[in-house]
Amino acid sequence: MYATLKLIHIIAATLTISGFLLRGFWMLSGSPNLNAKAVRIAPHVIDSVFLFSGIGLVWLLQLPVLSQPWLMAKLIAVVIYIILGMIALRRGKTMHARVTALLLALATFAYIVGVALSKSTGSWLALAFA
Ligand code: HEM
């Protein structure tokens, strides 16, 4: 059960970032694909599976969320990633704002992956100096 849920979580993480990169590319190139119905709906489906697999893992592992700094950091960073993604793909008023948000969202995602792998708020730095 744990292994299956973790696999689903990792596949969903891969699909989420692949979809985000594709939509980021469409945003930069001004493609109408960005507004296609399927493109607007699919991320919600993937992200729901992603979030529920994460919650399922927390539940299975009986992790005390508040006393696990890496998990708190991950959750806070996920919220920041979602907000930056919304600015990058829809809300940003200027191209400069959208591109800045896009780059910051990618950096945040990279930080989250580092936190997931290291189980430390130090993320990739913790892995490098482990
Ligand atoms: C952008 C968001 C996220 C990314 C990129 C991500 C990525 C990952 C990755 C790559 C792993 C596997 C780490 C390993 O090999 O041990 C993992 C595990 C895990 N994730 Fe996430 N995750 C994200 C969001 C979440 C959320 C929102 C939650 C909780 C609600 C969560 C909870 C967990 C838990 C509990 C584990 C298992 C830790 C363990 O095996 O000890 N993740 N995540």
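All of the numbers you see were taken from the coordinates with simple rules; none came from a lab. Just so it is clear, the model here is predicted, and its values are computed rather than measured. Here the Cβ is made from the backbone with ideal geometry for all residues, glycine too, and neighbour counts use every protein chain on show.
Scan the chain and note any complete DSSP helix (H) whose C-alpha atoms cover at least 30 Å along its axis and whose Kyte-Doolittle average is 1.6 or more.
Taking the DSSP H segments of the chain (at least 30 Å long, mean hydropathy at least 1.6), we get 95-118.
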### Query
Under a straight-distance cross-link criterion of Cα-Cα below 23 Å, which lysines are reachable from residue 37, leaving out those fewer than 8 residues away in the same chain?
93
### Query
So for region 29-101, what are the equivalent ellipsoid semi-axes in whole Å, largest first, each being the square root of 5 times an eigenvalue of the Cα gyration tensor?
30, 17, 6
### Query
For residue 96 and residue 11, FRET efficiency with R0 = 35 Å and r from the beta-carbon atoms, rounded to 0.05?
0.55
### 222 nm mean residue ellipticity, helices alone, for the chain (DSSP H n ≥ 4; -39,500 (n - 2.57); rounded to 500)
-26000 deg cm²/dmol
### Query
So what does the Cα-only Debye profile of the chain read at q = 0.11, 0.18 Å⁻¹, as log10 I(q)/I(0), no solvent term?
-0.42, -1.03
#### Entry: Potential lengthening between residue 29 and residue 67 on full extension [0.36 nm per residue; Cα-Cα distance subtracted]
9.3 nm
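Over region 64-130, what portion of Cα pair distances is larger than 15 Å, expressed as a whole percent?
53 percent
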### Message
Counting only trypsin sites (Lys or Arg not before Pro) that sit in a DSSP loop (anything but H, G, I, E, B) with at most 15 other Cβ atoms within 10 Å, what is the longest stretch of the chain containing none of them?
### Response
1-92
#### Entry: FRET efficiency, 1/(1 + (r/R0)^6) with R0 35 Å, evaluated for residue 37 and residue 3 via beta carbons
0.50
